[in-house]
Amino acid sequence: MPSSVTNELDYALLQQIEGHTEISQRALARGLGVSVGKINYCLRAVVDRGWVKVNNFRRADNKIAYMYLLTPSGAKAKLRLARDFLAQKEAQFEQLQREIDALRSELSQSGNAQPDASSEDCSETL
């Protein structure tokens, strides 16, 4: 089962490809904040899954370029990944809300007492 990081990268990659079919791997890597090698690996994976089709075409300057096309199964996968990503982020948000509420409760129970300057801070001793 792919990790959530892989799912996030797959989703972001599919999203970029959907909007920019003639984008280069270098531009994809730069936009997604990963290496070109990682993009190449991920592109191969989504092509192998049938989510993206790659077409070669020649430009006027005789360099080989690629066009990445999202397939119908790729569009479905993108929607599924978006749904999963949203559910994950909502769960994280709810957990953060609980932590914030607990911290606020702790502060209100202590009368909003501020630690005095003479107390040791763990981060200062490290």
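Can you work out ³J(HN,Hα) from phi for every residue in the stretch 7-15, in order, using Karplus 6.51 cos²θ - 1.76 cosθ + 1.60 and θ = phi - 60°, giving whole Hz and x for Gly and Pro?
Per-residue couplings from phi come out as 4, 5, 5, 4, 4, 4, 5, 4, 5 Hz.
Could you give the length gained on full extension between ARG49 and ALA65, defined as 0.36 nm per residue of separation minus the Cα-Cα distance, in nm?
Extra length from ARG49 to ALA65 when fully extended: 3.6 nm.
Amide H of VAL52 versus every other amide H placed in the peptide plane: which residues, excluding those fewer than 5 positions away on the same chain, fall under 5 Å?
Those lying under 5 Å, H to H, from VAL52 are VAL47, THR71.
Can you list the residues, at least 5 places off or on another chain, whose amide H is less than 5 Å from the amide H of ILE23, using H built in the peptide plane?
Counting only residues 5 or more places away or on other chains, the set is TYR68.
Readers should treat all values here as calculations from the given coordinates under stated rules, not as data from a laboratory. Quantities reported herein were computed from a predicted structural model and do not represent experimental measurements.
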